[in-house]
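Report on the following structure.
Since every read-out is calculated from the coordinates, none of them should be taken as a lab result. These numbers come from a predicted model, not from an experiment. When we count neighbours, we look across all protein chains shown, and the Cβ atoms used for this are built from the backbone with ideal geometry, even at glycine.
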Amino acid sequence: MSYSNIIFPINFYQKVYKLSCSSNFIRVNRNSSYVLRLVFDSIDYLVLEIGFGKGDFLLQYSIDNPGYQIVGIEKSDRLVKEVSKKLERSGVSNVRLIQANAEFAVYFLIPDNSVDELIINFPDPWPKKAHIGRRLVNTNFLKLLNTKMKKGSKIFVSTDVEDYKDFIIDSIRKAANQGLSFRVTNIFMGFWNERYQTKYLKKWLKENKKIFSIEIQRL
């Protein structure tokens, strides 16, 4: 396996090293729309999936939407390589993978005003009160997304933790009060797209857990 669909860090360094390098840290110019164009022939509809895990959703979604350019972000090196192999074996060519912390990847590697759709399936709920600040979907992350997502773009989030669902809705409200351009357009029981499965969705359904989904629009 060549892992050719992994653009960071395995192959990405070779592609952008010539752009700018200082103290072994890659710096991308502010006008960085060309970064993803180095790895996609064209960008018509850009989708991000954060925390793709074993890639069940990512693989099927990419096969069903060959005209989309999809970037999967996952912090686990093992899972990134595992999913890379699945994509190569399936002949999928419209997906690129990033092995990094989500905030880092979105800030440094995703161009401004470029994302059409963001998918976050079952993010870590960090249930302990002392760890709530580690939750991914919070006001600070929304500030970052506000610059990366196109007007009219959408975010889909699913969770099995009702408290996290409420936390996300409250974060959207706080973000709106701070002048950010997001609103909740739909809240419902069940997975946001019933055509697809994920590792955790299968597990939670077997355990008869409630699933909550939230649709958010960038205004």
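In a reduced charge model with +1 at each Lys and Arg Cβ and -1 at each Asp and Glu Cβ, the chain shows a dipole moment near 400 debye about its Cα centre.
Other residues lying with their Cβ under 12 Å from the Cβ of Q197 contribute a combined charge of +4, Lys and Arg counting +1, Asp and Glu -1. For log10 I(q)/I(0) by the Debye sum over Cα atoms at q = 0.11, 0.12, 0.16, 0.17 Å⁻¹, the value computed from the atomic coordinates appears in the list (i) -0.76, -0.84, -1.18, -1.27; (ii) -0.53, -0.64, -1.16, -1.30; (iii) -0.62, -0.71, -1.04, -1.12 under label (ii). Each Lys or Arg adds one and each Asp or Glu subtracts one; over the other residues with Cβ under 14 Å from the Cβ of L79, this totals +1.
Summary value for the range 145-212: 43 percent relative contact order, contacts being C-alpha pairs under 8 angstrom separated by 6+ residues. Taking springs between alpha-carbon atoms closer than 10 angstrom, which of T185, T139, T147 fluctuates most in the Gaussian network model of the chain? Fluctuation is largest for T185. Amide H contacts for I43 (H built 1.01 Å from N in the peptide plane; partners 5 or more residues away or on another chain; cut-off under 5 Å): none found.
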